[in-house]
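Peer 1: So that we are looking at the same thing, I have put the structure below in structure tokens.
Nothing in this text is a laboratory measurement; each read-out follows from the coordinates by a stated rule. The structure presented is a predicted model; accordingly, all values stated were derived computationally and were not measured. With ideal geometry, Cβ positions are generated from the backbone for all residues, glycine too; neighbour counts draw on all protein chains shown.
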Amino acid sequence: MKKSLKKMEIGTAVSVAPGRVDGMLQVGSLPDGSPMEIPVIIVRGAEDGPVVWMHGCVHGNEYCGAFSIHALTRELTLQRGTVVALPVLNITGFQRQQRMSPFDGYNGGDLNRCFPGKPGGTLTEQMAFHIYQHLREHATHFVDVHTAFTADTRWALYAPPSGDKAEVAHGMARAFGFENTLPTPLDTLGGSALIEAAKEGIPGLIIEAGGIGSAFSPETVADCAERFRNVLRHLDMLPGETIEYGGLTLFSNFAWVNATRGGLFRPAVKCGNRIAKGDLVGRYYDVFGDLVEEAKSPFSGIVLAIGGGPVMPNGEILVHVGLDPQPAR
């Protein structure tokens, strides 16, 4: 007979014993009046312990996050504590293969800038509200899984960067083990679940792995799932020794290099490259295939992500740069 635990209820997912339960959480209503629901997975160990809240597809077409969470939870048996996994947050964006909900097109609609949400706000703010109430109630640790544009994206952020919970967040980042990592200032990424949770004392990570749509590999999914297991080992939720992936390179912050003109853009750098101010990051071509301009970086640092392209309008992100890279002490 399974040991009885304190009841945990998130939508229709109701857990009172070790093992896995699935359910749905209503986060709003569709234009036809039917419920807008997202999937919830709760996996519990035999004893109480940390509650690691994980979610993916905050941006609907960042599918690598959902696949990675599925790979973790498919055969997960915890010795203690709980994993709450919501693999698909932005369900209508997910269904339409786009970043934001198709029903919030006139209101911005970036779910990762809408937390903790508003019960009477826009559709996306209401979604954030319904999700965040449960995150705030249950989570002791938090992991948010994202992608950038290209399959070679591989970096992480953690928060808070200082204070009582910073060592916990840093330890989670070390256990996940992506070398390039940002201790995220609390005035950065305002409205993200990471920052809002950190302000309430819930240490967390954002993982950036793989690219949008199908721009990721089975190897990336398997690697992320194993690194999630390592975080759970670090928190004594799974048995076994924590793997040491190596030291972290930390940044002071990040910056975007934006397109100053339109054109067909061919990058000249790859994710993980170290660049200096003034270095070439790519070239613009016109529709005849002629070179029209070279793009140079206004920053020194490490390339964290590359814009999807290849057609770039003015103002689009060319590359994302981690600033002032230093080895962690």
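Peer 1: Roughly how many nanometres apart are two label points built 7 Å out from the Cα toward the Cβ at LYS277 and GLU137?
Peer 2: With each label placed 7 Å out from Cα toward Cβ, I get 5.1 nm.
Peer 1: So for the chain, averaging the separation of alpha carbon pairs under 8 Å that are six or more residues apart and normalising by length, what relative contact order in percent results?
Peer 2: 14 percent
Peer 1: Using the Karplus curve 6.51 cos²θ - 1.76 cosθ + 1.60 with θ = phi - 60°, work out ³J(HN,Hα) for each residue of the stretch 290-298 in order, rounded to whole Hz, and write x for Gly and Pro.
Peer 2: Listing the rounded values in order: 8, 5, 10, 6, 10, 9, 10, 7, x Hz.
Peer 1: I need the Debye-formula profile for the chain: one equal scatterer per C-alpha, no solvent, reported as log10 I(q)/I(0) at q = 0.12, 0.15 1/Å, two decimals.
Peer 2: Cα-only, vacuum Debye calculation for the chain: -0.83, -1.26.
Peer 1: Separate question: Taking a quarter of the surface of the convex hull around the Cα atoms of the stretch 173-276, what do you get in nm²? All intermediate terms of the calculation are to be shown ahead of the outcome.
Peer 2: On the way: hull surface 37.9 nm².
Approximately 9.5 nm², given one-decimal rounding.
Peer 1: Looking at the chain, how many pairs of lysines come closer than 28 Å at the Cα, when each pair is eight or more places apart or spans two chains?
Peer 2: For the chain, qualifying lysine pairs total 10.
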